[in-house]
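Values in this text are rule-based calculations from the coordinates and carry no lab data. None of these values were measured; they are calculated from a predicted model. Methodologically, a virtual Cβ is constructed for each residue, glycine included, from the backbone with ideal geometry; neighbour enumeration extends over all protein chains shown.
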Amino acid sequence: MTDVRTTGLDAAWDALNAESFYTGGPWLRAFAERGGMHPHVAWSDDGSAAALAYDARSDATNPRYTHAWLYEDALRTPVEAFTLLGGCSGYAGHLPAAPGASAAARRAPVRALLDALGHDAALLPHLTGEEAADVVAAGVLPGRPVPVLGMVTAAIDLRGMTTPEDHLASLSRTSRSGVRRDLRRIEASGVRVTTSGLAEVVDEVAPLLGQVQAHHGHDGSAEGAAAYLRLCAHGDLARHAFAVVARLDGEAVAFALGYRWGSGVAMRVSGLRYDVAAATGAYFATYFYEPVRIALEAGCTWVDLGGEALESKTRRGAHLVPRWALSVGADVDPAAAREVTRARLADLHAQVGDRADQARLDAWDAWHARLAGTSPSPAR
């Protein structure tokens, strides 16, 4: 097992994480060196699989990466310290492995990390359904993991497309009409949109991020926002980061931070002036339409839009991605965890309506049963 504080993460690690930005070396190094978030890394003997873990405490971890938030009332006994596997940010967990890696190779680094950190409880959150099923089928975690639907994120599938017009044509009639209204509003508003490296605009856009942070009850200072953005452009991250800025009469009114990684684009944060961005369409110009254009020009096939504002994202052509958590060693009631999943599915339907139709919700409910080992259902 190696610690990235002393050894770093090399090209072999990035090759295994080529489609997983938040477990890629640039992100992990930046947050270890500047954010104090130090992962431990282990490899299989043949180099075909690896894993990362954090020595975590529930009172010092993003709540959405804790048993209490993910399992709610299904958690019968509080968990204070635990091993957090697969990443700690971005709501996109991952255990990297080469195609064809054996189950034994995939198990070895995870078991090494669990033994080294020594906690009774371990948590592997925010996996795609396919990866969660693979982890369970290969016995990567010891015992029988208890699953739960943690979050649902939004993404855009750009496979087979080369221009924004291709993306527009792929949408439903209703969504196309809505996108065209957005584009007309953006053009009529006089907003001008440009893209640059993040470091070039940190001081200009930090107050916009601060406004969003304050809106959500966090520190809204421009200084705090600027420090965070500099972290997001630290070291190798600067090569992958881009900032989309919308200006009205020369003043920044909205921006979005994204990263090009592998065959896709991961959108990270946005900032805006609430009194201007909605009326001008600047938010969607920066966080949605310009990133789609950037991704297509780079030959990318996906854009990860994160987990907020799902209704507005799905109305503009994004699809929903369920993110599953797996727990071992904690006192979790499996039946109650199933009810947590069902409650979140009901909440999702309330948020996005028919964009999460009953057939899809039923399929995700069946997926929970598959992960729990109570159903062989092939539903996705």
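Numbers below:
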quantity: Degrees separating the helix 334-352 axis from the principal Cα axis of the chain, which is the longest one; calculated: 10
quantity: Relative counts (whole %) of C-alpha pair distances in the chain, using bins that are 10 Å wide; calculated: 5, 22, 32, 27, 12, 2, 0
quantity: ³J(HN,Hα) computed for each position of region 44-60 - Karplus, 6.51 cos²θ - 1.76 cosθ + 1.60, integer Hz, glycine/proline x; calculated: 6, 4, 8, x, 8, 8, 8, 7, 10, 8, 10, 7, 10, 10, 5, 8, 9
quantity: Approximate spin-label separation residue 11-residue 144, in nm, with each point projected 7 Å along Cα-to-Cβ; calculated: 4.6
quantity: Extension reserve of the residue 46-residue 374 stretch, reckoned as 0.36 nm per residue once the Cα distance is removed; calculated: 114.7 nm
quantity: In nm, spacing of pseudo-spin labels at residue 354 and residue 180 (7 Å Cα→C-beta vector); calculated: 2.0
quantity: Principal semi-axes in Å for region 173-326 [√(5λ), Cα gyration tensor, largest first]; calculated: 22, 20, 16
quantity: Full-stretch length increase - residue 331, residue 162 - with 0.36 nm per residue and alpha-carbon distance subtracted; calculated: 55.9 nm
quantity: For the chain, size of Cβ-based charge dipole, Lys and Arg +1, Asp and Glu -1, in debye; calculated: 860
quantity: Among 326, 367, 346 - extreme Cα towards positive end, dipole of region 277-380, charges at beta-carbon; calculated: 367
quantity: Cα→Cβ-extended label distance, 7 Å offset, between residue 251 and residue 172, nm; calculated: 3.9
quantity: Residues 140, 152 arranged by fewest to most Cβ contacts within 10 Å; calculated: 152, 140
quantity: Region 274-292-region 191-226 distance, computed between alpha-carbon centres (Å); calculated: 14
quantity: Potential lengthening between residue 38 and residue 218 on full extension [0.36 nm per residue; Cα-Cα distance subtracted]; calculated: 62.4 nm
quantity: Counted charge near residue 25, where neighbours are those whose Cβ lies closer than 13 Å (Asp, Glu -1; Lys, Arg +1); calculated: -2
quantity: Fluctuation leader among 259, 228, 54 - the chain, Gaussian network, Cα springs under 10 angstrom; calculated: 228
quantity: Range of Cα positions in region 195-269 per principal axis (Å), largest first; calculated: 33, 28, 19
quantity: Relative contact order for the chain, counting Cα pairs under 8 Å that sit 6 or more residues apart, in percent; calculated: 22
quantity: The chain: angle of helix 202-215 to the longest principal axis, Cα-based, in degrees nearest 10; calculated: 70
quantity: Folded to 0 to 90 degrees: helix 173-189 orientation relative to the chain principal axis, Cα; calculated: 50
quantity: Translational D in µm²/s for region 243-356 (Stokes-Einstein at 10 °C, 1.306 mPa s, Kirkwood Rh from C-alpha pairs); calculated: 97
quantity: Between region 299-364 and region 117-147, the Cα center-to-center distance that results, in Å; calculated: 18
